[in-house]
Structure formats: C-alpha cells, structure tokens
1. If I model a spin label at LYS2 and ALA36 as a point 7 Å from the Cα along the Cα→Cβ vector, what separation in nanometres do I get?
2. Counting each DSSP H run of 4 or more residues in the chain as -39500 (n - 2.57), what helix-only mean residue ellipticity at 222 nm follows after dividing by all residues, to the nearest 500 deg cm²/dmol?
3. Output ³J(HN,Hα) for region 69-80: one whole-Hz value per residue in order, computed from phi by the Karplus curve 6.51 cos²θ - 1.76 cosθ + 1.60 with θ = phi - 60°, and x for Gly and Pro.
4. Taking amide H positions as placed 1.01 Å from N in the peptide plane, with prolines and chain starts having none, which residues 5 or more places from ASP20, or on another chain, fall under 5 Å of its amide H?
5. Projecting each Cα onto the charge dipole of region 12-87 (Lys/Arg +1, Asp/Glu -1 at the beta carbon, about the Cα centre), which of PHE16, ILE73, ILE47 comes out farthest on the positive side?
6. Applying a 10 Å radius around every beta-carbon, put 80-87, 46-53, 17-24 in order of their mean neighbour count, most first.
7. If you put +1 on each Lys and Arg Cβ and -1 on each Asp and Glu Cβ, how big is the dipole of the chain around its Cα centre, in Debye rounded to 20?
Amino acid sequence: MKFIFPQNYNFKNKLFGVLDYSTAFVNVIWDILIFAISNLIFSSWTIKIFVIVVFCFPLLLFSFAGFNGENIIYVFSYFIRFLLKPKLFLYKK
C-alpha cells in the first residue's frame with residue numbers, strides 16, 4: 001500500500017504523535033531543574049510534590065494543548081521578544 005503525500009505537506013516527527021521532540025526535551029529539562037531545586041530547598045515530601053506539580057504541570061498542559069500546533073520553543077521566543085519590544089499594531093480596513 002502506497003501513501004501519497006502532497007509536496008506542500010509539512011511532515012513533523014512527533015513523540016507519541018502529539019509532542020514535538022524539542023518540546024518534550026524542554027519539558028524534561030524543566031522538570032529535572034524543578035525537581036533538583038525542590039530537593040535542595042525542601043525536606044518534606046508533600047511540599048516537594050506540591051512545588052513540582054505547580055511549576056511543571058502548566059508547561060506540560062501548554063505542551064499538549066499547544067497554541068494551534070505551534071512549537072513551545074517558538075512560543076517562548078515570541079513571548080520574550082514581545083516583552084523586550086512591546087508593540088501594538090492596529091490596522092483599519
């Protein structure tokens with residue numbers, strides 16, 4: 001069986017068909033960083049779990065839900081670029 005893909009079809013490799021590999025890599029690095037910091041600062045398991053869930057779960061949700069299929073790294077770069085140079089463009093038609 002042969003599948004024919006159009007030439008303008010943008011085929012992206014994804015982890016489990018949902019996440020881009022770069023997004024998954026960013027999530028893993030962020031989770032490891034938060035886990036290491038929470039282990040250094042807190043000694044109680046309940047506080048560690050609470051901190052990890054509060055700081056890691058929103059990024060994971062944004063990674064899965066996404067911004068219309070946009071890569072999370074591009075979203076962060078757009079957000080930082082907007083914070084550095086905030087502009088508002090209004091056009092009348």
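1. 5.1
2. For the chain, the value works out to -20000 deg cm²/dmol.
3. My calculation for region 69-80 gives x, 7, 5, 5, 5, 5, 4, 5, 5, 5, 5, 5 Hz in order.
4. Counting only residues 5 or more places away or on other chains, the set is LEU15.
5. Highest projection toward the positive end goes to ILE73.
6. Numbers: 80-87: 7.8, 46-53: 13.4, 17-24: 15.1.
The peptides rank, most packed first, as 17-24, 46-53, 80-87.
7. Around 520 debye, computed over the chain.
Every read-out reported here was derived from the displayed coordinates using simple, explicitly stated rules and does not represent laboratory data. Note that the structure is a prediction, hence the values are computed from the model and not measured. Ideal geometry is used to build each Cβ from the backbone, glycine not excepted, and the neighbour counts take in all protein chains shown.
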